[in-house]
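Engineer: Starting off with a structure, shown below.
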Amino acid sequence: MGLSTSGAARKLGQILRQAGISNEQVLAAIEQTPRQLFMPESLAHKAFENTALPIGNGQTISQPLMVATMTQLLMQHDCHRVLEVGTGSGYQTAILAQLIDKVFSIERIAQLQYQAKRRLRNLDLHNVAMRHGDGWEGWRSKAPFDGIIVTAAATEVPRALVEQLADGGVMIIPVGSEQQTLTVLRRFGEQIEQQRIGDVRFVPLVKGELL
């Protein structure tokens, strides 16, 4: 099936540029990824709108602007091995797979993981390793990671994820429950630097409950 660019995708790219996304690699990845394949067929006509949409199991496919924002923040650093917490539909995974050498992705809902794996294979994206597991715990056997991107909101920064960051590594994570803040963390030895980017709205990062 592979990747291609449609007129609707190019229009979405223009919307993202106007919203402040400037990384051309990120924009190209979004423009050539068929977002309609990552959502229920009944919603495919909304695929290139800049909006989050339900994908079942109480989960959503993130707004393209948020995917682009988080990816652009990650790409400001030299990341070759990235852990994604929350595979979901696999859309963010597909964007990362076009930009990062090796992507490791964790999903707690087995059905979503299976569907995402099939979609990535159909798009000939083969540099992704997937795991059915608890995102709060990360993927210790594959650590350290240059980057970690968390696609659900944690009530606090998971200690296990911080421990799995390489020295100099970066984590992009929404933190909070009612009030959520997109946060960038950098690890320098035992020191952690945090930068708050802005208010966001994500589904919660559920702890310890595999489905």
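Nothing in this text is a laboratory measurement; each read-out follows from the coordinates by a stated rule. This is a predicted model, so every value here is computed, not measured. When we count neighbours, we look across all protein chains shown, and the Cβ atoms used for this are built from the backbone with ideal geometry, even at glycine.
Engineer: Where a ≥ b ≥ c are the square roots of the eigenvalues of the C-alpha gyration tensor, would you call the stretch 20-112 rounded, which needs a/c under 1.5, or, failing that, prolate if a/b is larger than b/c, or oblate?
Structural biologist: Working: a/c = 2.09, a/b = 1.27, b/c = 1.64.
Oblate.
Engineer: Sticking with this structure for a sec: Relative to a virtual label point 7 Å from the Cα of Lys46 in the Cα→beta-carbon direction, which members of the stretch 57-86 show backbone nitrogen distances below 19 Å?
Structural biologist: 57-68
Engineer: What label, among (1) 31; (2) 42; (3) 35, belongs to percent of Cα pairs over 25 Å apart computed from the structure on display?
Structural biologist: (1)
Engineer: Within the stretch 154-211, which GluC sites (Glu not before Pro) sit in a loop by DSSP and count at most 15 neighbouring Cβ atoms inside 10 Å?
Structural biologist: Glu156, Glu178, Glu190, Glu209
Engineer: Extending each Cα 7 Å along its Cβ direction at Glu156 and Gln25, get the distance between those two points in nm, one decimal.
Structural biologist: Each label point is offset 7 Å from its Cα along the Cβ direction, giving 3.5 nm.
Engineer: Take His126 and Asp167, extend 7 Å from each Cα along the Cα→Cβ direction, and tell me the distance between the two endpoints in nm.
Structural biologist: 3.6 nm
Engineer: Right, something else. Taking a cut-off of 20 Å between Cα atoms, list the aspartates and glutamates near Lys11, but don't count ones fewer than 8 places away on the same chain.
Structural biologist: Glu24, Glu31, Glu49
Engineer: While we're on this one: As a check on your grasp of the helix formula, calculate [θ] at 222 nm for the chain: sum -39500 (n - 2.57) over DSSP H runs of n ≥ 4, divide by the residue count, round to the nearest 500.
Structural biologist: -8000 deg cm²/dmol
Engineer: Using the number of other C-beta atoms within 10 angstrom as an exposure proxy, rank Arg131, Arg118 with the fewest first.
Structural biologist: Arg118, Arg131
Engineer: By how many degrees, 0 to 90 and rounded to 10, does the Cα axis of helix 110-122 deviate from the longest principal axis of the chain?
Structural biologist: 60 degrees
Engineer: When the Karplus curve 6.51 cos²θ - 1.76 cosθ + 1.60 is applied with θ = phi - 60°, which whole-Hz ³J(HN,Hα) does each residue of the stretch 171-183 get, with x for Gly and Pro?
Structural biologist: Values per residue, Gly and Pro as x: 10, 10, 8, x, 10, x, 10, 5, 9, 10, 10, 6, 10 Hz.
Engineer: Do you know the relative contact order of the chain, to the nearest whole percent, from alpha carbon pairs under 8 angstrom that are 6+ apart?
Structural biologist: Computed value for the chain: 16 percent relative contact order.
Engineer: Same structure again: When the Karplus curve 6.51 cos²θ - 1.76 cosθ + 1.60 is applied with θ = phi - 60°, which whole-Hz ³J(HN,Hα) does each residue of the stretch 37-52 get, with x for Gly and Pro?
Structural biologist: Karplus values, whole Hz, x for Gly and Pro: 6, 9, 8, x, 4, 5, 10, 4, 5, 9, 4, 9, 7, 7, 8, 6.
Engineer: Enumerate the aspartates and glutamates that Lys117 could reach by cross-link, defined here as Cα to Cα under 12 Å, with residues fewer than 8 away along the same chain left out.
Structural biologist: List returned: Glu107.
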